[in-house]
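No lab work stands behind these numbers, since they all come straight from the coordinates. Given the structure is predicted, the values throughout are model-derived calculations rather than measurements. Cβ sites come from the backbone with ideal geometry, for glycine too, and all protein chains shown count toward neighbours.
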Amino acid sequence: MNIDKILLKMKKQPHGIRHEEASKVLTYFGYRLDRQKGSHMQYVNEKGDVFTLKKESPLKAVYVKEILSRIS
């Protein structure tokens with residue numbers, strides 16, 4: 001699935017996003033996986049903004065909404 005389709009899905013249905021889709025979006029927008037401890041993965045961008053994502057599917061809507069607010 002391409003980034004545009006994932007973003008549209010995130011906006012319309014934030015409670016049905018898989019971890020892999022969220023990770024793909026974060027990577028596309030300049031975040032990289034910095035470290036992982038247990039089920040939590042930390043992504044960081046070049047500005048130093050850190051985002052922690054729990055590895056679960058589907059993600060809770062609060063994670064999806066936070067991703068959308070950080071990339072816009």
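Just a few scattered comments:
- Test: residue 54 is under 10 Å from the mean Cα position of the chain (by Cα), surrounded by 12 or more Cβ atoms within 10 Å (Cβ to Cβ) and touching a residue at least 12 places away in the same chain (Cβ under 8 Å): yes
- Cβ-Cβ under 8 Å pairs, at least 6 apart or on other chains, the range 15-44 side touching a residue at least 12 places away in the same chain (Cβ under 8 Å), far side of a type in the set (D, E, K, R) and surrounded by 15 or more Cβ atoms within 10 Å (Cβ to Cβ): 16/9; 17/9; 21/9
- Being over 9 Å from the mean Cα position of the chain (by Cα) and among the hydrophobic types (A, V, I, L, M, F, W, C) is a property that residue 8 has.
- Candidates 46, 66, filtered to the one that is surrounded by fewer than 13 Cβ atoms within 10 Å (Cβ to Cβ) and farther than 16 Å from residue 3 by Cα: 46
- Residue 37 vs. criteria among the basic types (Lys, Arg), surrounded by fewer than 17 Cβ atoms within 10 Å (Cβ to Cβ), touching a helix residue (DSSP H, G or I) at 6+ places or on another chain (Cβ under 7 Å) and over 17 Å from residue 69 (Cα atoms): no
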